[in-house]
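Remarks on the structure that follows.
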Amino acid sequence: MIAGTWISILLLVVPGAASVFYFREIPVATVVGAGIEEVLAVFLYWLRPPNGFFFVDSLSWVFIFMITSIYLLSSIYSLKYISERNATGVKQHTYYLLMNLFAISMLFSAQVNNYGLMWVGIEATTISSALLIMTEKSEESLEATWRYIILVSAGVTFAFISIILIYYSFGTLTVSTILDAGVRNTLFVRVAVSVALVGFGTKIGVFPVHTWLPDAHSEAPSPISAMFSGVLLPTALYVLYRIFQIDPLTSIFIWFGTISIVAASLFLGYQAKYKRMFAYSTMENMNLALIGIATMNPIGILGALYLLISHSFSKAGAFYSSGNILSSTDTKDVARVSGISKKMPLTSVAMLMSSLGVSGTPPFGTFFGEILILYSMFITNAFPQFIIVVIFLVFAFVGINLNVSRMLFGPAVDAKEPGRLMPSIAIVASLIPIVIGAFYMVVNYAIL
Amino acid sequence: MNYESIVFLLSASILISAFYVQGQRYIISMIRGQLVQSLLIAGTTFLLSYLNHSIDLLILGLLLLFLRGVLITYLLETKVPRRKSYVFEEGVNVPYLFLVDLIFIVVAVFIIYSIIFSSLVPVSQPGTSSTLLFPLLLFFQGLFLITSRRSTFSQIIGYVEEENSLVLFAIFLLPVPIVIEASVFLDVLALVVISSVITVEKFSHERMEELRG
């Protein structure tokens, strides 16, 4: 067995090994495990497994790297956050166990070379992450957990019809074999790709099957919200992309993405709770990435990757900052948080950087991603969609930054920084997209 | 009676069980309706295993029997509060739901079937595309059960019905590899286990002010 295969196996085994310490020191074991995962992901860039059980190319590597990075940041952030929150729904050691299983299921989906098993992996992400939402066991978190389970599962069930139709059309579910066969445009393949858009679209946040998304993001503990936004939705998008490659239905995908951006920007504008607002921002960014991928030209795909990787860190930063504010003020209402720049300077910097990052401000990586995607829409002749998307991206930009400004400035509410660890992680996460943006040409050369 | 007729008879019975579940207000009756449905699908799988000389289908039938028939029913029944036979879902207008259900299903299924599914040529025996109508009906019936009911139990059963319909669709069209089918079964089982945790905490689901928008 060659080194790449061992690395892929270890990526699935290490979080499981960390869970062995369930009864003793699982928080530290999880952080150590996540650190090892990050190192393994870096090595995977040079040492890829041959196509067999695993299928790891440059594109899937970007997703694997994102998953391990956000997993590492969230596990460190959780050390303080979870110990301070009222975790009555899920006990602390169970929280880490589920977090590890959640990471395994995402890494499995991003590496496996079989459409059927990808579906199994995506369903497993629901199983492993559902109970994490009800960590604090409020009435709202129970309802959000239930909505997440039933809506996502019912939606992803649709996607299994797509898997059956792919198997019917090709006689195999091996991703590399089907993609090597080239594009096949038959009625059943078209139906399979369209049904996958609805099925996996439920998990990605495609309108109108996105309804679980704001509830789950707002009620989950902040490190889990960061994992949802930063890596769970992109993992589902990765699986959808692999199906889309069989027969690219560009027009349908771009239109769905455009309509979803319109919906997300409108919903985002009137949100009274900051975590829900960031959830809708995730929906907007995911659908923009969907459009980038759907254009099927290298510029669009490159743009989508830039957007996804920068967004994952920016959004993680936004949710970590939200967690700091929630820990300190005990409210999720935008209207009840103001002037925190005076009381929580580190968190305020992270919150400001993150909100600028997720709304695509230069020089953040998200900005370059958005520009590349918009350019690719232009050269794909998607002019009406281009105009609509530009207008509503401006809407979203104003909506997010206006709300964040209200929270940061004005008369100060009673608040204080929750120690040093949590604000530091928030700042690290929110700074990385600037690094990606500033050196995007270098990063471009390095990762693709 | 030939084998094809038996398959149609079993499929029709599966559909009747789905309508029976839709018509129930008492939770325990719904769970038992789901049990009958899973057993009927297991029976259909055994018959197709014989017709197609397929060991995979035989294993699938056994998995259905054990995981869906026995284990899921047991898990759900143990979560029903005490005095099981009296636990029911309030505010269910059965005749109205049936009417909406029929309109929804008939329209959805016949459009989809006539455009797409009628041209599918099943690989497995008995090999007629009209058998595909049944899983399609069951799928939408499960979906309707989820959307039309508020109790956690009803929605779990709706989800299990949806999954049952996919099993039926696969065995009628072209059974997917057993490793994948078994993984799907375990996923569904795990999801029902997770869901049953919620049933203890929250029996029904209403709109919440905190989760609006």
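No lab work stands behind these numbers, since they all come straight from the coordinates. None of these values were measured; they are calculated from a predicted model. Reconstructed Cβ throughout: ideal geometry from the backbone, glycine too, with neighbour counts over all protein chains shown.
Computed values, structure above
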read-out: Test: residue in the range A:91-110 that is in contact with a Lys or Arg (Cβ under 8 Å, 6 or more places away or on another chain), of a type in the set (Ser, Thr, Tyr) and in a helix (DSSP H, G or I); value: no
read-out: Search result, residues across the range B:30-72 that are of a type in the set (Ser, Thr, Tyr), in a helix (DSSP H, G or I) and in contact with a helix residue (DSSP H, G or I) (Cβ under 8 Å, 6 or more places away or on another chain); value: B:Ser38, B:Thr44, B:Thr45, B:Ser49
read-out: Qualifying positions in the range A:397-436 - within 16 Å of A:Tyr320 (Cβ to Cβ) and not in a helix (DSSP H, G or I); value: A:Ala415, A:Glu417, A:Pro418, A:Gly419, A:Arg420
read-out: Residue under evaluation A:Leu179, criteria (1) at the interface with chain B (Cβ under 10 Å from one of its Cβ atoms); (2) touching a residue at least 40 places away in the same chain (Cβ under 8 Å); (3) farther than 27 Å from A:Gly16 by Cα, criterion not met; value: (1)
read-out: Residue among A:Thr88, A:Thr125 that alone is more than 10 Å from every other protein chain (Cβ to nearest Cβ), of a type in the set (Ser, Thr, Tyr), in contact (Cβ under 8 Å) with a residue 40 or more places away in the chain and not in a helix (DSSP H, G or I); value: A:Thr88
read-out: Members of the range A:311-352 that are among the polar types (S, T, N, Q), part of a loop (DSSP other than H, G, I, E, B) and within 20 Å of A:Ser138 (Cα to Cα); value: A:Thr331
read-out: Where a residue in the range B:105-125 is within 13 Å of chain A (Cβ to nearest Cβ) and its partner, wherever it lies, is of a type in the set (Val, Ile, Thr), with Cβ under 6 Å and at least six apart; value: B:Ile116/A:Val191
read-out: Residues being within 7 Å of chain B (Cβ to nearest Cβ) and buried (at least 23 other Cβ atoms within 10 Å of the Cβ) - total across the range A:128-142; value: 1
read-out: Subset tally (residues that are free of Cβ contacts under 8 Å to residues at least 12 places away in the same chain and part of a helix (DSSP H, G or I)) for the range A:369-396; value: 6
read-out: Total residues in the range A:354-369, condition surrounded by 23 or more Cβ atoms within 10 Å (Cβ to Cβ) and over 15 Å from A:Asn401 (Cβ atoms); value: 3
read-out: Any hit, the range B:133-150, residues being buried (at least 23 other Cβ atoms within 10 Å of the Cβ), at the interface with chain A (Cβ under 9 Å from one of its Cβ atoms) and in contact with a Phe, Trp or Tyr (Cβ under 6 Å, 6 or more places away or on another chain); value: no
read-out: Subset tally (residues that are more than 16 Å from the chain's Cα centre (by Cα), more than 21 Å from B:Leu137 (Cβ to Cβ) and not aromatic (Phe, Trp, Tyr)) for the range B:29-65; value: 11
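A quick yes/no check of all residues on (1) more than 11 Å from chain B (Cβ to nearest Cβ); (2) over 27 Å from B:Val200 (Cβ atoms):
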residue	(1), (2)
A:Pro50	yes, yes
A:Phe63	yes, yes
A:Thr68	yes, yes
A:Ser83	yes, no
A:Leu101	no, no
A:Asn113	yes, yes
